[in-house]
1. Of all residues being in contact with an Asp or Glu (Cβ under 9 Å, 6 or more places away or on another chain) and among the β-branched types (Val, Ile, Thr) in segment A:251-284, which is nearest to the other protein chains (Cβ to nearest Cβ)? Just the residue, please.
2. Run down A:Gly113, A:Gly109 and say which single residue is in contact (Cβ under 8 Å) with a residue 12 or more places away in the chain, closer than 17 Å to A:His167 by Cα, open to solvent by less than 20 Å² (accessible area, probe 1.4 Å) and assigned to a loop (DSSP other than H, G, I, E, B).
3. Could you grab me the full set of residues in segment A:8-21 that are more than 8 Å from chain B (Cβ to nearest Cβ), more than 26 Å from B:His48 (Cβ to Cβ) and open to solvent by 40 Å² or more (accessible area, probe 1.4 Å)?
4. What do you reckon, is B:His167 part of a loop (DSSP other than H, G, I, E, B) and either in contact with a His (Cβ under 8 Å, 6 or more places away or on another chain) or under 30 Å from B:Glu60 (Cα atoms) (or both)?
5. When segment A:252-311 is examined, which residues are found to be closer than 26 Å to A:Val111 by Cβ, open to solvent by 20 Å² or more (accessible area, probe 1.4 Å) and either of a type in the set (S, T, N, Q) or in contact with a His (Cβ under 8 Å, 6 or more places away or on another chain) (or both)?
6. Just one of (1) in contact (Cβ under 8 Å) with a residue 60 or more places away in the chain; (2) in contact with a His (Cβ under 9 Å, 6 or more places away or on another chain); (3) under 19 Å from A:Ile197 (Cβ atoms); (4) among the charged types (D, E, K, R) trips up A:Asp248, so point out which.
7. Criterion first (assigned to a loop (DSSP other than H, G, I, E, B) and either within 7 Å of chain B (Cβ to nearest Cβ) or touching a strand residue (DSSP E or B) at 6+ places or on another chain (Cβ under 8 Å) (or both)) does A:Thr24 satisfy it?
2 protein chains.
Amino acid sequence: MAAPNKVTAPALLDLTIDNITPNTVKINSQSSDRRLTYLMERLVTHVHDFARETRISTDEWMAGLNFLVQCGQISSDVRHEFILLSDILGLSLLVDNINHPKPPNTTEGSVLGPFHTHDAPTLENGANMASDPKGEPLVCICTVQDTYGKPVEGVKIDIWETDSSGHYDVQHSDRNEPTERCVMVSDAKGEFWFKCILPVSYPIPHDGPVGKLLGKLGRHPWRPAHLHFMMEKKGWDHLITALYMRGDPYETSDAVFGVKKSLIVEPQKIDSATAKEYGVPEGSWVLKHDFVLTTDQETDNLRDQLALEAMKKQGLNLKLVDHLPVPDLD
Amino acid sequence: MAAPNKVTAPALLDLTIDNITPNTVKINSQSSDRRLTYLMERLVTHVHDFARETRISTDEWMAGLNFLVQCGQISSDVRHEFILLSDILGLSLLVDNINHPKPPNTTEGSVLGPFHTHDAPTLENGANMASDPKGEPLVCICTVQDTYGKPVEGVKIDIWETDSSGHYDVQHSDRNEPTERCVMVSDAKGEFWFKCILPVSYPIPHDGPVGKLLGKLGRHPWRPAHLHFMMEKKGWDHLITALYMRGDPYETSDAVFGVKKSLIVEPQKIDSATAKEYGVPEGSWVLKHDFVLTTDQETDNLRDQLALEAMKKQGLNLKLVDHLPVPDLD
């Protein structure tokens, strides 16, 4: 264990606009956890700079604190308003990009959103994960490969989407079991395929404080139609992503900034041979997609490299410990 | 009403670490409310810079969002965990200093804290606002003056303190009426006086997420003994302050950074004549204090002046509208 930082607590008296920041940073620097010390130093500096640069009024400050209370109070086991807030502020996209940088020609990440659950059933290849009869049938035929084009077997794949009304199961108060979601495992050929419904565009929940904020900003709450995927296997970089349906009216104005060109796909009307092969009705939609995973090692190396470049560019005297920046005091 | 800013929404595709911030700022700039646009621009910039400078990990991000949910969920009508969070981050002190700058020789502000209520009874001069028999009796004899030393009549004064166990009434689950708090009104001589108990040092509520954070930072949750005052009268700058008892062990390490030298006072053992005059027992404590209020005009002028100086120093192209900075687009 690292020795505690030798910080003598400052005498906290007569704090002013000009000296509150260094004094708060100092009193927060008594822990032996250098990463925590660094996070708090940056947090306090940015929060204080925000207040100083905006000369925030007492009313605005209180409105902000009350907004945060409201976000917490509308949150529940099946709703996380702060993830939504992070999403609409572009923070979620940024955090994903920082933590999961992708080499060219690998599958890019996208935002997790607040609707992943841990109770989805594990289904066999070919199963139907949707129970909404009003949805248009879609069969997805996918593979998981590594960066050399070799199949990756045994990847656990979480898949989730809304029903045809644009709501996830957890948004229905009478939900008694998971629907429009499942877990699959890639087979020896790296393949997984499943039946679902054609995704539809939908608004993020906008009946709460985050929706009110979007309204004040003149922003719409819509997301283009997409299917969520989360892929994990030991030794491989955890992938949170989504496939977006080409031509959606919100393709270039996603309320949560998740769309990437490489993730836009175009389902086709199925041909008779494929319909027969996969046992789906004529007239169904079909989507074929190959996902490309990176190894933990590939991602760690790239992340470290990008972090070091960014730290150098920012002129910060930092070093990486466990892949995360801490002040370089040595 | 100002014309809407002419912002063309950008195409939000392929957002990266480097382009997410200007794009988020742009999509947030469609409102005609320039102050809101500016607040959001600064907020998004600081939140993104925080993520980039710390290369925040996905686990840290999620821990942060869950911390915020917890703060919201422990909050109630009588507990505001986000005010506590603002207090221990030094933000509350900073916001007070920005909004209520004080000319020399006027009463300085201090933090509001989360325990002011709106149900305190209005009491006559000389009344006893405390009902805790274990507290040491204290009589406070105060005046309210303007910057020329003239009495200010008709000031509404909220006063609140903990009981002798260091808890505010609202922290007792069996509270059925306000205790250790009252409202007084200054008389024609600017005077108000009341009986209470000698304040004691106490820890801020540390059974919630903010308390856990203090623990991780190696910080104690204590505040030095103090009496809260809030003074308001139309035309006069709203004053939130407190008087701190000299010699308290936490005098220079207040968990919420509220202590100022000019607010430290020293109650005395009462002399017989004064005890008789104010009808309190021999052996009581007595505290005499003169508060000096500034007018709204004085404070507005000083605040504007300091804001303009700060904006100039920061090199920001801003102007003041209703005393608050907005980008100077004209």
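The values are calculated or read from the model by the stated rules, or taken from the named source; none is laboratory data. Not measured: the values here are computed from a predicted model. We place every Cβ from the backbone using ideal geometry, glycine too, and count neighbours over all the protein chains shown. Quick note on the areas: whole protein, heavy atoms, side chains included, nothing else; ligands and nucleic acids left out. Shrake-Rupley method; radii C 1.70, N 1.55, O 1.52, S 1.80 Å.
1. Residue satisfying both the conditions and the ranking: A:Val259.
2. Just one listed residue meets the conditions, A:Gly113.
3. The answer is A:Thr8, A:Asn19.
4. No.
5. A:Thr252, A:Ser253, A:Ser262, A:Thr295, A:Gln297, A:Asp300, A:Asn301, A:Arg303, A:Asp304, A:Gln305
6. (1)
7. no
Matching residues to (1) within 20 Å of A:Val256 (Cβ to Cβ); (2) open to solvent by less than 40 Å² (accessible area, probe 1.4 Å); (3) in contact with a Leu (Cβ under 6 Å, 6 or more places away or on another chain):
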{"site": "A:Ile159", "(1), (2), (3)": "yes, yes, no"}
{"site": "A:Thr162", "(1), (2), (3)": "yes, yes, no"}
{"site": "A:His167", "(1), (2), (3)": "yes, no, no"}
{"site": "A:Gln171", "(1), (2), (3)": "yes, no, no"}
{"site": "A:Glu177", "(1), (2), (3)": "no, no, no"}
{"site": "A:Glu180", "(1), (2), (3)": "yes, yes, no"}
{"site": "A:Val185", "(1), (2), (3)": "no, no, no"}
{"site": "A:Pro199", "(1), (2), (3)": "yes, yes, yes"}
